[in-house]
Amino acid sequence: MPTPDYTATENLPILFSRDQIQARVAELGHQIREDLNGEPAVLIGVLKGAAIFLADLARNIGADCTFDFVSASSYKSGTQTSGAVQLIKDLDEPIENKNIVVIEDILDTGVTLSFLYSHFERHKPRSIRIAALLDKPSRRIQPIRADYVGFEIPNEFVVGYGMDYAERYRNLPDIRILTPEVIA
Ligand code: XMP
Ligand code: MG
């Protein structure tokens, strides 16, 4: 099998290596399994950034799980968030009386997740947990916190492991910092 060509990204500094990510995701998965205490759960991935995290996390949770996905867009220009979020794709299945675990790639201003949290709450799930692979607490506008956080990071724009810049780099196995030279 040919080796994937990541040459365009080899100059981007690695923030978390593939091994660091895998080890941390395993810990989070085991923690979630313990907290579910044998009860089934619906894992809800926030598209598209959480797809890879969900795939790895789910296999470490190992409990009785189903998957669902939502997609939301928050209107941003530069670093400013308008606070308006639009639901682009809703859940496929009802979550009433179910344990849900909302899985997000990165918790930034918190605008997207607070919107989604209220949306899910209205459907009366049995419990809601939030898992975010990354957390940028310094950017928070909405007072929301994740129950499970992979890593806290400073205010850098990151790509890889599901996260993109203009839809690229999602398939990088590491998480890298997108430097201004690459954006230019
Ligand atoms: P809020 O601000 O609503 O936004 O918490 C969370 C969403 O913003 C995106 N985001 C990023 N995406 N690298 C990315 O690829 C980043 O550094 C970054 N920071 C925020 C992401 O889609 C997340 O779901
Ligand atoms: Mg996202």
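The values are calculated or read from the model by the stated rules, or taken from the named source; none is laboratory data. Please read these numbers as outputs of a predicted model, since none were measured by experiment. Note that each Cβ is placed from the backbone with ideal geometry, even for glycine, and that neighbours are counted across all protein chains shown. What goes into the accessible areas is simple: the full protein's heavy atoms, side chains included, and nothing from ligands, DNA or RNA. Shrake-Rupley method; radii C 1.70, N 1.55, O 1.52, S 1.80 Å.
Considering every residue within the range 139-154, establish whether at least one is within 19 Å of ILE21 (Cα to Cα), more than 12 Å from ligand 2 (Cβ to nearest atom) and more than 15 Å from the chain's Cα centre (by Cα). Within the range 139-154 (the criterion being within 19 Å of ILE21 (Cα to Cα), more than 12 Å from ligand 2 (Cβ to nearest atom) and more than 15 Å from the chain's Cα centre (by Cα)), the answer is yes, since at least one residue qualifies. Only residues that are under 14 Å from the mean Cα position of the chain (by Cα) and of a type in the set (D, E, K, R) were counted in the range 106-123, giving 1. Say whether the condition of being within 16 Å of ligand 2 (Cβ to nearest atom) and either at pLDDT 95 or above or closer than 19 Å to GLU156 by Cα (or both) is met by at least one residue in the range 95-102. Checked the range 95-102: at least one residue is within 16 Å of ligand 2 (Cβ to nearest atom) and either at pLDDT 95 or above or closer than 19 Å to GLU156 by Cα (or both). Selection of first residues in the range 86-111 that are more than 16 Å from GLY162 (Cβ to Cβ) and of second residues that are in a loop (DSSP other than H, G, I, E, B) and open to solvent by less than 30 Å² (accessible area, probe 1.4 Å), restricted to Cβ pairs under 6 Å at least 6 apart or on distinct chains, gives the following pairs, ordered by first then second residue: ILE95/PRO125; LYS98/PRO125; ILE100/PRO125; GLY110/ILE144. Scanning the range 21-46 for residues that are in a helix (DSSP H, G or I) and open to solvent by 50 Å² or more (accessible area, probe 1.4 Å) yields GLN22, ALA23, ARG24, GLU27, HIS30, GLN31, ARG33, GLU34, ASP35.
Within the range 59-76, the residues that satisfy the criterion of being surrounded by 16 or more Cβ atoms within 10 Å (Cβ to Cβ) and either over 18 Å from LEU113 (Cβ atoms) or in contact with a His (Cβ under 7 Å, 6 or more places away or on another chain) (or both) are ASN60, ILE61, ALA63, CYS65.
Taking the criterion of being open to solvent by 70 Å² or more (accessible area, probe 1.4 Å) and modelled with pLDDT of 95 or more, would at least one residue in the range 47-58 satisfy it? The answer is yes; a qualifying residue exists. Among the conditions (1) touching a residue at least 40 places away in the same chain (Cβ under 8 Å); (2) away from ligand 2 (no atom under 16 Å from the Cβ); (3) open to solvent by 10 Å² or more (accessible area, probe 1.4 Å); (4) part of a loop (DSSP other than H, G, I, E, B), the only one that ARG170 does not satisfy is (2).
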